[in-house]
1. Quick one: Tyr45, Tyr36, fewest Cβ neighbours within 10 Å first, how do they rank?
2. Rounded to the nearest 5, what is the percent of antiparallel bridges among the DSSP beta bridges in the chain?
3. Where in the chain are the DSSP H helices whose C-alpha atoms run 20 Å or more along the long axis and whose mean Kyte hydropathy is at least -1.0?
4. Separation between the Asp31 and Asp126 pseudo-spin-labels, each 7 Å from Cα along Cα→Cβ, expressed in nm?
5. For a footprinting-style exposure proxy, rank Leu49, Leu67 by other Cβ within 10 Å, fewest first.
6. Of the cross-linked pairs Lys77/Lys138; Lys80/Lys127; Lys21/Lys77; Lys21/Lys52, which ones have a Cα-Cα span greater than 29 Å in the structure shown?
7. Based only on Cα atoms, what mean projected area does the convex hull of the chain have, in nm²?
8. Select from Leu19, Leu105, Leu61 the residue whose mean-square fluctuation is largest in a Gaussian network model of the chain (Cα-Cα springs shorter than 10 Å).
Amino acid sequence: MYSSSVIFRRLAPTDVPLLRKLNALFGDAFDDRETYGGEPPTDAYLEDLLTKEHVIVVAALTGDEVLGGLVAYELDKFEKMRREIYIYDLAVGVAHRRQHIATALIEHLRKIAVERGAWVIFVQADKGDAPAIALYEKLGIREEVLHFDIEG
């Protein structure tokens, strides 16, 4: 279990330094430092991003140390007056794994989802990513889908 000194909170526009730390953590966790650090956005871009209600960034923090976090996007639906939330990235630093931080991050997101009127949170996991699959199966219903990247 994580320490009682860990706090979970949604990042605000003043939290750009924490978002940069989270981005670096994603690069390390996904072994993809180029994508997450090769062309860093400006502070103004990140501040603007964090002002958007549909962009949800939640971090697990001890002081100014980022232990883990998630980035999610709220999607307004057209077929009914409702919303969904898509977890785009979620990671916990190696030294802090197996302490229920990822579960707590999703629980924090659930509270935001309720406040925002979202009816479901969904997430993708890569085949072979056993820890992620185990986490998501513990929290939700598994669906088998195909994912396609279509270049713009």
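Where a number appears in this text, it was derived from the coordinates with a stated rule and is not lab data. On a predicted model such as this, the values are computed, not experimentally measured, just so you know. Don't worry about glycine lacking a Cβ; one is built from the backbone with ideal geometry, like all the others, and counts go over all protein chains shown.
1. Tyr45, Tyr36
2. In the chain, DSSP labels about 80 percent of beta bridges as antiparallel.
3. 101-116
4. 0.8 nm
5. Ordered from fewest to most neighbouring Cβ atoms within 10 Å, Leu49, Leu67 come out as Leu49, Leu67.
6. Lys80/Lys127; Lys21/Lys77, as the Cα separations exceed 29 Å there.
7. So the Cα hull casts an average projection of 10.2 nm².
8. Leu61
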